[in-house]
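Inspection log for the structure reproduced underneath, given as structure tokens.
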Amino acid sequence: MPNKDFLENTPLYKKYKVAVPPYLDDFPSPAINMECPNCKSIQTLNMVGRYLEYPTERGNEKSSAGLNINLKYICASCKSFSRQFSIHISENLDYFYKFGQYPEFDISINEKHKIFLKKHSENIKKGLMCENNNFGIGAFAYYRRIVEEIIDELLDSIFELIELKDKEKYEIALIETKNTRITQDKINLVKDLLPTSLRPDGYNPLGILHSALSEGLHCQTDEECLENAIQIREVLYFLIESIDSLKNSKKSFTDSMRVLLNKKIK
């Protein structure tokens, strides 16, 4: 069923495999949170008009199998900006995908990511464009190249976040990473030493990154490469955001302690 995550994040033509309700009346009408250019911020958008068959409106009692439907969303704040999605439902009711979206899929880069990735922003944009057009092999190639080029900087930036008991092991492993040019080997040397603060719900982002990168370009379908490409991008973004946030929190705490100590000394 079209849900919040699908509408907000899934690129065009990527199959969303799920058991689809046989009738449109059984479909949900989830609110979404996306950029509104009028409000110049992320806003809640609500569906209007329920589900419309493309290109003409039909009764919702019609079977949903094989239909093309249009969804229209209006910003709850300004009440004027709208987003529209065109969705195809499979004949067997086992998947659906977007075949149109307006405004088009956003390929802009978060400022925080842009600062860390610096000269790689163009490759990120190209990877996002490949995602949007379901070119999995192209997206995978761009993201893999970026990880290969920034992996040393990324692993160095994690060092100060490593727990004290693992710091010596990480430092030794970090030195070893300088002796190999293979990205998967670099990650494999340090992935098990990642601090708990960088393991959401116990998941190891470096382990996931290692697994995704290990999948070859030459033996996978476009669809399989796209899945791995999305994993690589999301893990990369998570690490950049988490490292930045943890470093800022640590600095803020240290500065606060320094102020308190200075007051006590006076």
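Points worth noting:
- Cβ pairs under 7 Å, 6+ apart, first in the range 1-17 and over 25 Å from GLN43 (Cα atoms), second loosely packed, with under 15 Cβ neighbours inside 10 Å: TYR13/PHE99; LYS17/ASP94
- Looking only at the range 101-120, and only at residues there that are open to solvent by less than 70 Å² (accessible area, probe 1.4 Å) and at pLDDT 80 or above, the one that is nearest to the chain's Cα centre (by Cα): HIS120
- The set of residues in the range 216-240 that are in contact (Cβ under 8 Å) with a residue 60 or more places away in the chain, open to solvent by 60 Å² or more (accessible area, probe 1.4 Å) and not in a helix (DSSP H, G or I) contains only THR221.
- THR180, sole failed condition from (1) within 21 Å of the chain's Cα centre (by Cα); (2) of a type in the set (Val, Ile, Thr); (3) assigned to a loop (DSSP other than H, G, I, E, B): (1)
- Filter pass, ILE175 being in contact with an Asp or Glu (Cβ under 7 Å, 6 or more places away or on another chain), in a helix (DSSP H, G or I) and open to solvent by 60 Å² or more (accessible area, probe 1.4 Å): no
- Members of the range 178-187 that are open to solvent by 80 Å² or more (accessible area, probe 1.4 Å) and free of Cβ contacts under 8 Å to residues at least 12 places away in the same chain: ASN179, ARG181, ILE182
- Qualifying residue in the range 10-30 (condition: hydrophobic (A, V, I, L, M, F, W, C), at pLDDT 90 or above and in contact with a Lys or Arg (Cβ under 9 Å, 6 or more places away or on another chain)): no
- The set of residues from the range 22-44 being within 12 Å of ASN3 (Cβ to Cβ) and touching a residue at least 24 places away in the same chain (Cβ under 8 Å) comprises PHE27, PRO28, PRO30, ALA31, ILE32.
- Qualifying residues in the range 195-215 (those that are touching an Asp or Glu at 6+ places or on another chain (Cβ under 9 Å) and not in a helix (DSSP H, G or I)) - the one least open to solvent (accessible area, probe 1.4 Å): PRO195
- Residue within the range 147-168 that is closer than 29 Å to LEU12 by Cβ, open to solvent by 50 Å² or more (accessible area, probe 1.4 Å), modelled with pLDDT of 85 or more and assigned to a helix (DSSP H, G or I) present: yes
The values are calculated or read from the model by the stated rules, or taken from the named source; none is laboratory data. This one's a predicted model, so the numbers in the text were calculated from it and none came from an experiment. Backbone-built Cβ (ideal geometry, glycine too); neighbour counts: all protein chains shown. These accessible areas exclude ligands, DNA and RNA; they are computed on the full protein's heavy atoms, side chains included. Shrake-Rupley method; radii C 1.70, N 1.55, O 1.52, S 1.80 Å.
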